[in-house]
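Laboratory data are not the source of any read-out in this text; all were calculated from the coordinates shown. The model shown is predicted, which means the values in this text are computed figures rather than measured ones. Cβ placement follows ideal geometry from the backbone for every residue including glycine, while neighbour counts extend to all protein chains displayed.
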Amino acid sequence: MKSVVVTGVSTGIGWGATKVLTKAGFHVFGSVRKEADAQRLKQEFGERFTPLLFDVTDVAAVKRGADEVRAALKGKTLFGLVNNAGIAVSGPLLELPLDEFRQQMEVNVTGPLIVTQAFAPLLGADTSLKGAPGRIVNISSVGGKQAAPFVGPYSASKYALEGLSESLRRELLLFGIDVIIIGPGAVKTQIWAKAEEVDITPYLNSPYYPSLVKFRTFFLKSAKTGLTPERLGRAILKALTVKNPKVRYAVVRQRLQNWTIPQLLPKRFVDRLIGRNVGLLKP
């Protein structure tokens, strides 16, 4: 049975990937931070799932997880690694607490690198292992190519992950390990459901407050009509198994409207369009 490591599987895209991969016959080693989630997922996915308890920013814990997987593989290579775990920090950049920005980058950028360094030997960087080299799938976002106001920390982290992925893909040519990006649009996950709970009253006296209210309303509507985690799971399965994968997959609802056209439009035009829609144009 082929094995895949997926980070952040308690809910959302990671959970969807685990569901799809286990049904397709893979064994999934999935990272969670809470023992309760580990037990719940073991009951849900059965013998094809093994929980790994670690936070992606904890180097020692991630290494322990890699050691556990190495022991289970018994000298064979790991088929795939899916760097999915992440958080979303929002707020106007000029007024954002810097500790929140640092945390965003630590989890969404440094975290995937920590995990990749720990598991790359199992994917084939350790040439003593038997089997073909594995693949890495990094979960980015439309926000890694098209930045929006008030989610600057999240977009910055995903832009960084895109660059990190491209550099890794070229460096890992040495070992035959491929790196593929999946950039989804809105997905029905807890990461965005929590946006409704975000307290924006600290910005009540900010000149950005009226625009923040408008943007959050728009953002929550998009999240509620987003793709299912299982849809992203199927995209991850394809990226891991297709013979000649693309370097990047944009998995977006209403692709023409939400991906293709915005990529083609002049940036200044998009600036004005967004500014008008959320009230950011100077009077």
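For the chain, the dipole from Cβ point charges (+1 on Lys and Arg, -1 on Asp and Glu) about the Cα centre works out to 1220 debye, to the nearest 20.
If we count other beta carbons within 10 Å of each Cβ, what is the order of ILE180, ILE13, ILE261, ILE274, fewest first? Please list the in-between numbers first.
Working: ILE180 23, ILE13 31, ILE261 11, ILE274 18.
In order of increasing Cβ crowding within 10 Å: ILE261, ILE274, ILE180, ILE13.
When the C-alpha to C-alpha distance is required to be over 18 Å, the pairs from LYS2/LYS76; LYS23/LYS63; LYS42/LYS76 that qualify are LYS23/LYS63; LYS42/LYS76. Label zone of ASN277 (point 7 Å out along Cα→Cβ, amide N under 19 Å): in region 138-169 this covers 141-156.
Binning the C-alpha pair distances of region 1-77 at 10 Å intervals from 0 yields a P(r) profile of 20, 55, 24, 0 %, listed from the shortest bin outward.
Each Cα pair under 8 Å and six or more residues apart adds its separation to the average, and for the chain the resulting relative contact order is 19 percent. Each of THR7, THR241, THR189 was scored by other Cβ atoms within 10 Å of its Cβ. Listed from fewest to most, they are THR241, THR189, THR7. The largest-to-smallest principal axis extents of the Cα set in the chain are 66, 39, 31 Å. Net charge in the neighbourhood of LYS214 (other residues with Cβ under 13 Å of its Cβ; Lys, Arg +1, Asp, Glu -1) is +3. Between LYS34 and VAL198, the C-beta separation translates, for a Förster distance of 30 Å, into a calculated FRET efficiency of about 0.85. A Cβ-based charge dipole, computed about the Cα centre of region 1-84 with Lys and Arg at +1 and Asp and Glu at -1, lands at about 280 debye. Ordering LYS246, LYS145 by the number of other Cβ atoms within 10 Å of each residue's own Cβ, fewest first, gives LYS246, LYS145.
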